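Encoded as structure tokens, the structure appears first; notes follow it.
The values are calculated or read from the model by the stated rules, or taken from the named source; none is laboratory data. The structure displayed is predicted, hence computed values, not measured ones. Backbone-built Cβ (ideal geometry, glycine too); neighbour counts: all protein chains shown.
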Amino acid sequence: MKKHANGSGRLPDRQLKSVSYAKWGYFFIIPFFVVYICFTLVPQFLTIYNSFFENYRDGLNEIGPNYVGLDNYETLFTADSSGTIRILKYTSNTMVMWFIGALPQFVIAMLLAIFFTSARLNIKGQGFFKTVIYMPNLIMAAAFSMLFFTLFSRVGPIQALLVEKGWIDASFDFFSHRITVRGMIAMMNFLMWFGNTTIVLMAGIMGIDQSLFESATLDGANAWQVFFRVTLPLLMPIFVYCLITAMIGGIQMFDVPQVLTKGNGAPNETTRTLVMYLNGYLANKNYGMAGAISVIIFIVTGALGGVVYRMLSAQYKDSSRQRRQRKGDVI
């Protein structure tokens with residue numbers, strides 16, 4: 001075997017060539033970017049482009065596409081004959097129904113996550129409970145809506161039970177009162193999504209170092225203090241993620257009210273959402289107005305998501321800075 005300058009059979013260090021696998025990471029993420037550009041990014045730009053055009057059908061005649069500038073946006077924010085700006089009304093409907101369902105969703109999900117991850121309680125069979133609470137998320141929203149429509153209809157079991165108890169009379173109709181219809185929509189959204197939120201929050205809590213909880217307990221902190229001083233600050237990034245994704249889903253709420261109210265947003269369009277309003281223009285092939293509504297939904301979603309992120313992330317950053325300062329003082 002031929003000797004090299006260093007007297008051994010090995011190549012000098014400067015001649016060793018390392019194999020870089022970094023390029024393979026870029027190679028494997030190429031399909032994602034191709035799909036994203038073709039099916040998400042390009043349609044987004046086309047939607048913005050179409051929102052500046054007049055393009056609809058009038059009977060058998062197709063009008064446009066004609067460039068109209070911001071006329072579609074101006075039309076959306078113009079009051080109708082009754083003095084109602086419809087897009088503002090439907091935005092309010094969407095946010096109210098989302099908030100009514102999201103508030104108990106996060107409260108109960110947080111309580112369940114703390115309950116199942118408590119080292120002191122040491123709950124057995126967590127896998128079973130995770131499966132059970134996640135199962136409603138697997139049911140299609142349309143099927144869920146049909147189930148509630150059947151249960152609360154004039155001939156459904158809920159109506160018959162309440163009439164038998166004397167709590168309501170036979171003339172009561174759940175679908176003719178705004179509070180009951182909105183309550184049903186909020187309840188369905190809560191039942192479908194609280195399990196998913198619970199599992200995500202559980203994963204976040206389980207990622208926190210358990211020694212922090214033990215140290216807080218040894219220092220005399222009660223359960224409330226441990227939650228607000230240890231659990232919640234460290235869980236804030238996960239909580240912000242859950243809140244923003246839930247809000248995005250709430251703004252895009254469509255299938256539950258669409259099926260439950262047969263697409264008319266009864267009663268008196270108080271349950272019609274932004275996406276239902278959008279689909280009304282798509283059904284009439286008015287792509288210009290539909291594009292304008294889509295852009296507004298995008299702006300509203302981005303603005304609300306940014307506000308929530310800034311507010312909650314600021315608290316997380318402040319608490320992290322205080323912990324680093326306290327640690328520096330101890331050192």
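Suppose we keep only residues that are among the polar types (S, T, N, Q) and not in a helix (DSSP H, G or I) within segment 104-143. Which one would you say is surrounded by the fewest Cβ atoms within 10 Å (Cβ to Cβ)?
ASN122
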| task | Test each condition in (1) over 26 Å from ILE133 (Cα atoms); (2) surrounded by fewer than 20 Cβ atoms within 10 Å (Cβ to Cβ); (3) modelled with pLDDT of 90 or more for PHE174 and report the one that comes out false. | result | (2)
| Which ones in segment 173-193 are more than 13 Å from THR271 (Cβ to Cβ) and in contact with a Leu (Cβ under 8 Å, 6 or more places away or on another chain)? | none
| request: May I ask you to list the residues in segment 215-254 that are free of Cβ contacts under 8 Å to residues at least 24 places away in the same chain, surrounded by 12 or more Cβ atoms within 10 Å (Cβ to Cβ) and more than 19 Å from ILE299 (Cα to Cα)? | output: SER215, ALA216, THR217, ALA221, ALA223, GLN225, VAL226, ARG229, VAL230, LEU232
| request: Return yes or no: is LEU11 modelled with pLDDT of 90 or more, surrounded by 10 or more Cβ atoms within 10 Å (Cβ to Cβ) and either among the hydrophobic types (A, V, I, L, M, F, W, C) or touching a helix residue (DSSP H, G or I) at 6+ places or on another chain (Cβ under 8 Å) (or both)? | output: no
| note | Residue pairs within 6 Å by beta carbon, gap of at least six or interchain, first lying in segment 158-177 and at negative phi, second surrounded by 12 or more Cβ atoms within 10 Å (Cβ to Cβ) and not hydrophobic (A, V, I, L, M, F, W, C), listed first then second, are PHE174/THR180; SER176/PRO267
